[in-house]
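Notes follow once the structure below has been shown.
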C-alpha cells in the first residue's frame with residue numbers, strides 16, 4: 001500500500017514539476033556564479049511568526065475588506081478539508097493536535113522578510129544554493145512544457161559575505177538578526193533530491 005502511495009506521489013510531482021525546469025534553473029545560476037549549484041523547488045504554503053505579520057505573512061492592518069472575504073472562504077475550505085480528513089482517518093489512533101510549524105520566524109522587520117516577501121508572489125519558486133551564494137529563482141508555472149516557459153528570473157540573491165547562513169540539512173536559512181526561514185519543499189521528490197545532494201557532500 002505504501003509503495004503505491006509513493007508511486008502516486010512521485011507521479012503527481014512529475015506532473016506539477018515537469019522534468020527540465022531544475023536543469024534550466026541550475027544552468028542559469030551556474031553560468032552566472034561560475035560554481036556548482038543545487039536547485040530545489042519550494043513549496044507554496046508559508047506560515048509566519050513575525051510581529052506585525054499575520055500567519056500567512058500579510059501585513060496586519062492592510063487590505064481589511066479583502067481579508068474579511070478571504071477568511072470566510074478559507075474557513076469554508078478548512079471545514080471541508082477537516083470533514084474529508086475525518087472521513088478518511090477515522091479510528092486512526094492519533095489524538096491531539098499536530099504541532100503547528102512556522103516557516104518564517106524573527107523580530108519585527110526581520111531580515112528574512114526581504115527574501116520571503118519576494119518569494120510569496122512567485123509562481124514557480126526555486127531555491128538555488130552554491131558554496132558562496134543563495135538565490136530564489138522564479139520559472140513561472142512548472143506544470144507546463146519547459147520549452148514553452150519563460151526564462152528563469154532571479155527574484156532575490158545574496159553572495160558572501162552578505163549571504164545568510166544556509167543549513168541544507170535542517171532546511172533553514174538564518175540571518176544575523178536571528179530571523180530564519182525554514183524552507184518547505186514541493187513534495188517528496190524535492191526532499192529526496194536534497195537528501196541525495198547533502199549525502200554527496202559528505
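Among the residues of region 29-52, the ones that are more than 20 Å from residue 104 (Cα to Cα) and out of contact with any strand residue (DSSP E or B) (no Cβ under 7 Å at 6 or more places or on another chain) come to 6 in all.
In region 114-135, how many are under 13 Å from residue 186 (Cβ atoms) and part of a strand (DSSP E or B)? Final tally of qualifying residues: 3. Scanning region 181-193 for residues that are modelled with pLDDT of 90 or more and farther than 14 Å from residue 127 by Cβ yields a single hit, 192.
For residue 155, the test of being more than 18 Å from residue 47 (Cβ to Cβ), assigned to a strand (DSSP E or B), touching a residue at least 12 places away in the same chain (Cβ under 8 Å) and in contact with a strand residue (DSSP E or B) (Cβ under 8 Å, 6 or more places away or on another chain) is passed.
I need the full set of residues from region 158-186 which are farther than 11 Å from residue 40 by Cβ, out of contact with any strand residue (DSSP E or B) (no Cβ under 6 Å at 6 or more places or on another chain) and touching a residue at least 60 places away in the same chain (Cβ under 8 Å), in order please. The answer is 175, 176, 177, 178, 179.
Criterion first (modelled with pLDDT of 75 or more and surrounded by 12 or more Cβ atoms within 10 Å (Cβ to Cβ)) does residue 108 satisfy it? Judged against the criteria, residue 108 is not a match. Against the criterion of being assigned by TED's automatic domain parsing to the domain that holds residue 43, under 15 Å from the mean Cα position of the chain (by Cα) and in a loop (DSSP other than H, G, I, E, B), residue 189 does not qualify. Of all the numbered requirements in (1) surrounded by fewer than 21 Cβ atoms within 10 Å (Cβ to Cβ); (2) at pLDDT below 95; (3) touching a helix residue (DSSP H, G or I) at 6+ places or on another chain (Cβ under 7 Å), residue 139 misses one, and that requirement is (1). Against the test of being modelled with pLDDT of 90 or more and assigned by TED's automatic domain parsing to the domain that holds residue 153, the options 30, 18, 14, 7 yield a single qualifying residue, 30.
If you go through region 23-39 and pick out every residue that is loosely packed, with under 15 Cβ neighbours inside 10 Å and assigned to a loop (DSSP other than H, G, I, E, B), you end up with 3.
The values are calculated or read from the model by the stated rules, or taken from the named source; none is laboratory data. These numbers were taken from a predicted model, which means no experiment stands behind them. Counting neighbours? That spans all protein chains shown, and the Cβs are built from the backbone with ideal geometry, glycine included.
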